Structure formats: structure tokens, C-alpha cells
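*Asks:* For reference, the structure I am asking about is given below.
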DNA sequence: TCAAAAGTGTTAAAAATACACCCATGG
DNA sequence: CCATGGGTGTATTTTTAACACTTTTGA
């Protein structure tokens, strides 16, 4: 193995990913069961070391793909964690990203090294290794804050969705009920929801209209100083 | 010199600081003129390498003290920059902090190695080394966004300040004029401004009342779910 | 025909905005 | 006595919040 030598000691640099998903029940987070020490058997966020030839975001996406099979997801930097004892082996600084995916379209696969990978309900989390519980709390707070004034919630839904799905999403993230009529007026008034002229299929009640988020129009409006808000 | 060897190569890890200050004229940022390559003679943000025995925030504060003499300031993590070529010497990842200080109370001193240290007006910046211009843009955007819903603006003022000073601060950061009567009503309605029962001295017109921000009361209110807003 | 969720407007309360004059002080 | 900024209230508009019934569909 090649050795790498520096004049001064360096912290190890890793990336970790908090991947949020949503299904009919709950907001979920993607966890990996550790197969090696430290924290063997405990659940933890997917992540790993940053290579010299990749940016931080590339590293986060690569680790996510390697460990969970996920690709082509919304991802954004969250925060960098650098407490002295956060990894018992040595000093490790971790740049943490959070990602949003919709569970329908993104199937996770077992990681190459056969570690467990699973979506876990946020309200009922297992014990986590490292400082990952704290990291998750920061990510949740960010999601809660950001979903109000940036259209990132759509990343958690299929491309075509009903207004009820959208409302439930906001209710789960914000952890409070919303008024149906006020919500529908609010999300439709900015003109960013495109009526697909289709209805959902196979439901045992009146079928709801499907909408999709108009990304192009949003990009245009942004250039004119438009601020998304819900 | 001691050598430090690792199995895999590691990026260098630094911290940089975007220090904002405010005076009668402008919003300013603290810059250092580089005495050594790369970018010799160019201005740059203060910063340096992270030691193994200090957290990221400690590193940022230490560098700030060493290079500018500033201590006891409001400081918060901004973002971590990890583009491949941001430092021409080698791969460097930088965790950037932003700080807010008031220019009256915090005198800067020349750095130990006699590099220039100076407050520079944001509207009239010199050319900056590295990707520091980009970093500054991110910091400004953060300041602009955050000042609306967190009471961080007070960090830029002396402990006792007039309402006009406060209004000018917001006008400079948000880059838009505010209505005097509406502003005064707004900032006073949450009860977080304490009347010092003093007036400013030595002005050639009616002396304004001095106020201070009630940190303790703010902390109390926060625990009850209060959200600051201006 | 029933159960289950979709869809739809109005009214009242609260918040944001626009706006102009008198006051106190030092030079 | 005047120039300079300090200080104050009200009316209008906009935004938010509260609230209940009819419609459609498949089982």
C-alpha cells in the first residue's frame, strides 16, 4: 500500500448523507447497519472518505451510490461536523449532505458488502452510532425550515402527485395539520403546479387530479426575483 | 520536522473567516493582504489550517485572533468549500465561518507577521485571491437571509444603540430603504429592546434614546417557541 | 347505497404598508 | 433661529385563518 506523508498531521475528511424519503406512513431516513467496528451492529448514516480527485458533493453522491444504489437525487450541503471525539478511532471531520428522494421511484439495493440498508421511520429510530443522531436532528431542522421557502418538498414525491399527497407531505415535515382549502389555494396561486389532466388510478373513492411541479417556470420566476413560499 | 503518514492521501483542511463589520458609511469585511505565494499581494480572507486538538469553531476563532487580534465575536459556520482547484498548491477543503463584530469596540491590530489587515467596504472590494470572492458572496447572501429572522444584526452595533442606527444597519444589509415608523413599531413590539434611559452624546441635533438588546429575555422567549422576525 | 376522499368560497381577523408633521438640540 | 435628525398615529390594503358542505368513485 502506498503511504502519504505530510509535514503536519491532518484530520481525516469524510462525507455523510442524510437521505430523507416519504411513503404513505412516515418521513423516513436511509440508514446502514454497520458490519465493522466501531459501533458494529449499530445503525449509521451512509458515508465515507473524500477522495482527492472529487468535490465534496461528488464524494457524497458516490458514497450514496456505492452504499445504497441511489443515484440522481436532490442533494445539498447541510453542515460540517468537527467535534474532537466524534469518531473514537481518530480525528474525523465530516461534511454532511442531505438528500431527498421519493421512495416509489428509487429502489435501494443491498450494498456491495452486504451490509443492511433500510428506510427507517423518523418517529421510531434505532440507536445510531457516532454523532449521527445529532446530525439527523440538524438535518430535520433544516428540512423543516427550508421546505417553507424553497420548493424542495416535490423531490419527495413522484413526478405526478395529487394535492392531498402534497399536503400530507407538508404536514409530516412541519408536524402540524394544515387547512385543506387554504393549502390548495396557496400552492396553486403561484402557478407552478401544472395540471396533468389525468387522475390517479385504482383508488376506492373519487380519483384525484394529478399535478406536477413546473421546474422551468420556477427557474424563470427565480431570475425575476420570485420567492417561493408555502 | 515530524512527518505524518497515512494509508490514503488526505486533503488539507482549513478554516476561513468572513468577518463583517459596520460603520457610519458601509458594511465592511475584514481582509488580509497576502505576503507569500500564492496570490502574493492580493487580499484574502483570514484563515489557516485546522489543528488536531481543536474543533472547527475553535480553529476559526484562533486564526481570527492570530491574524487580526479579534476575539470574543459572534461566529457561525457558513459553508464548506471543496472545489478541486480552489488552492493552486494542493487539494484544500475549507470550512468557512462568518463573524459579526462592531467596529467601535473591536480594534484590529496588525498581524504578528506584519501583513496588512484592513476593513474594506463591501461595495468597493479589491480583487481577492483563491475563491474568496465566491465565498464572500455566499456569506453576504446568508447574512441577508438570516438577519430577517434571527437577532444577529445587534452583533454589528455597540451594546447601546439608537433606533436609527439599527434601522440603517438593516437598510445596509438588506440594501433597501425601510419606513421609519413601521420599522420602529416592528422592532419594539416584541419587547426585546430595553430602554437604557440614556441618550446619545455629542450630536448636533436632538439626542436619540439608547436601547440595548435583551439577550436573556430572548433566550427565555426562544424556549417558549418564539420566533424573532423583522 | 355507503364509505372515503376530492373538491370548492366566503367572511373575519391580523399584519403590512403608506404616509406627514411637530419636537428637541447644538451650532 | 435654523438645520438636523428624533419621535409619533391612522387609514388602507393585503394576507392569513377559520370554517362545512357537495361531488365523485369503487366496493
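*Asks:* Test of understanding: among A:143, A:70, A:78, which residue is part of a loop (DSSP other than H, G, I, E, B), buried (at least 19 other Cβ atoms within 10 Å of the Cβ) and either in contact with a helix residue (DSSP H, G or I) (Cβ under 8 Å, 6 or more places away or on another chain) or without any contact (Cβ under 8 Å) to a residue 24 or more places away in the chain (or both)?
*Replies:* A:70
*Asks:* Looking at the range A:55-67, can you tell me whether even one residue there is assigned by TED's automatic domain parsing to the domain that holds residue A:34 and touching a helix residue (DSSP H, G or I) at 6+ places or on another chain (Cβ under 8 Å)? Give the steps one after another, and end with the answer.
*Replies:* Of the residues in the range A:55-67, the ones assigned by TED's automatic domain parsing to the domain that holds residue A:34 are A:55-67.
If we keep only those that are touching a helix residue (DSSP H, G or I) at 6+ places or on another chain (Cβ under 8 Å) as well, we get none.
No, every residue in the range A:55-67 fails to be assigned by TED's automatic domain parsing to the domain that holds residue A:34 and touching a helix residue (DSSP H, G or I) at 6+ places or on another chain (Cβ under 8 Å).
*Asks:* Could you tell me which residue of the range B:81-93 is nearest to residue A:93 (Cα to Cα), considering only residues that are facing chain A (nearest Cβ under 10 Å) and assigned to a strand (DSSP E or B)?
*Replies:* Going through the qualifying residues, I end up with B:93.
*Asks:* Related question: Given the criteria closer than 27 Å to residue A:144 by Cβ, more than 10 Å from DNA strand C (Cβ to nearest atom) and within 14 Å of chain B (Cβ to nearest Cβ), does residue A:171 qualify?
*Replies:* In short, no.
*Asks:* Could you pull out the residue among B:73, B:18, B:29, B:95 that is under 19 Å from residue A:6 (Cβ atoms) and outside the structural domain of residue B:165 (by TED's automatic domain parsing)?
*Replies:* B:95
*Asks:* How about the range A:194-213: which of its residues are within 27 Å of the chain's Cα centre (by Cα) and without any contact (Cβ under 8 Å) to a residue 24 or more places away in the chain?
*Replies:* Selection gives A:194, A:195.
*Asks:* Only strands (runs of 3 or more DSSP E) wholly contained in the range A:1-42 count here; list those with 1 or more residues that are within 14 Å of chain B (Cβ to nearest Cβ) and within 24 Å of residue A:122 (Cβ to Cβ).
*Replies:* A:12-22
*Asks:* Out of all the residues in the range A:147-163, is one or more part of a helix (DSSP H, G or I), at pLDDT 95 or above and within 16 Å of DNA strand C (Cβ to nearest atom)?
*Replies:* Within the range A:147-163 (the criterion being part of a helix (DSSP H, G or I), at pLDDT 95 or above and within 16 Å of DNA strand C (Cβ to nearest atom)), the answer is yes, since at least one residue qualifies.
*Asks:* Go through the range B:38-47 and give me each residue that's surrounded by 17 or more Cβ atoms within 10 Å (Cβ to Cβ) and under 18 Å from residue B:85 (Cα atoms).
*Replies:* Selection gives B:39, B:44, B:45, B:47.
*Asks:* Scan the range B:174-213 for residues that are under 28 Å from residue B:140 (Cβ atoms) and either touching a strand residue (DSSP E or B) at 6+ places or on another chain (Cβ under 8 Å) or away from DNA strand C (no atom under 11 Å from the Cβ) (or both) and report the count.
*Replies:* Result for the range B:174-213: 9.
*Asks:* Continuing with the same structure: Of everything in the range B:179-199, what is more than 8 Å from DNA strand D (Cβ to nearest atom) and either crowded, with 16+ Cβ neighbours inside 10 Å or assigned to a strand (DSSP E or B) (or both)? Give them in sequence order.
*Replies:* B:183, B:187, B:190, B:192, B:193, B:194, B:195, B:196, B:197, B:198, listed by residue number.
*Asks:* A follow-up question, please. Mind checking which residues of the range B:111-130 are more than 18 Å from residue B:26 (Cβ to Cβ) and surrounded by 16 or more Cβ atoms within 10 Å (Cβ to Cβ)?
*Replies:* B:111, B:115, B:129, B:130
*Asks:* When you go through (1) free of Cβ contacts under 8 Å to residues at least 12 places away in the same chain; (2) away from DNA strand D (no atom under 16 Å from the Cβ); (3) within 14 Å of chain B (Cβ to nearest Cβ) one by one for residue A:225, which number turns out not to apply?
*Replies:* Evaluating residue A:225 over (1) free of Cβ contacts under 8 Å to residues at least 12 places away in the same chain; (2) away from DNA strand D (no atom under 16 Å from the Cβ); (3) within 14 Å of chain B (Cβ to nearest Cβ) leaves (2) as the failure.
*Asks:* Right, another one. So, residue B:63, is that one facing chain A (nearest Cβ under 9 Å) and modelled with pLDDT of 95 or more or not? I'd like the intermediate steps shown before the answer.
*Replies:* Numbers: facing chain A (nearest Cβ under 9 Å): no; modelled with pLDDT of 95 or more: yes.
Judged against the criteria, residue B:63 is not a match.
The values are calculated or read from the model by the stated rules, or taken from the named source; none is laboratory data. Note that this is a predicted model, so its numbers are computed, not measured. Cβ sites come from the backbone with ideal geometry, for glycine too, and all protein chains shown count toward neighbours.
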